[in-house]
Amino acid sequence: MIDINKPCIKKCCLNEDDVCLGCFRTFDDMCQWNKANIEEKTQMLKVAHRRKKEHILKHTSLQKPRP
C-alpha cells in the first residue's frame, strides 16, 4: 500500500490559530493524519503549503527595509 509520510520536521510550535509553524498543518490535521487516506493527506499538504507561503509573505512584508 502506498502512503504519504508525515511532513513533521520536529519543530512543533502552534500559533494562536493552532497551526504548527514547523509543518503548517493544523492541530486537527496532525491528529487526523494517521486515519486519513491519500487524497485527504494530499489536500492537507496543499493547504499547509499555502499557509506556509502566506506566513512567509506576511512576515517578509512586516520587516523594515534596511537603509
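The values are calculated or read from the model by the stated rules, or taken from the named source; none is laboratory data. For clarity, every value in this text was computed on a predicted model and none was experimentally measured. Using ideal geometry, Cβ is built from the backbone for each residue, glycine included, and neighbour counts are taken over all protein chains shown. Remember, those area values only see protein heavy atoms, side chains included, never the ligands or the DNA or RNA. Shrake-Rupley method; radii C 1.70, N 1.55, O 1.52, S 1.80 Å.
When shorter helices are ignored and each DSSP H run of at least 4 residues is given -39500 (n - 2.57), the per-residue value for the chain at 222 nm works out to -14500 deg cm²/dmol.
Once both labels are positioned 7 Å from their Cα atoms along Cα-to-Cβ, the gap between LEU45 and ILE4 label points is 0.5 nm.
Per residue, how large is the accessible surface of the chain? Use a 1.4 angstrom probe and give square angstrom. It would help to have the intermediate numbers written out before the result.
Working: 5730 Å² over 67 residues.
Accessible area per residue: 86 Å².
Surface composition of the chain: carbon plus sulfur atoms hold 55% of the accessible area, using a 1.4 angstrom probe and ignoring ligands, DNA and RNA.
Between helix 38-61 and the chain there is an angle of about 10 degrees, using the helix long axis and the longest principal axis of the Cα atoms. Rolling a 1.4 Å probe over the protein heavy atoms leaves ASP28 with an accessible area of roughly 100 Å².
Considering the convex hull of the alpha carbon atoms of the chain, report its projected area averaged over all viewing directions, in nm², one decimal. It would help to have the intermediate numbers written out before the result.
Values: hull surface 22.0 nm².
Convex hull of Cα atoms, orientation-averaged projection: 5.5 nm².
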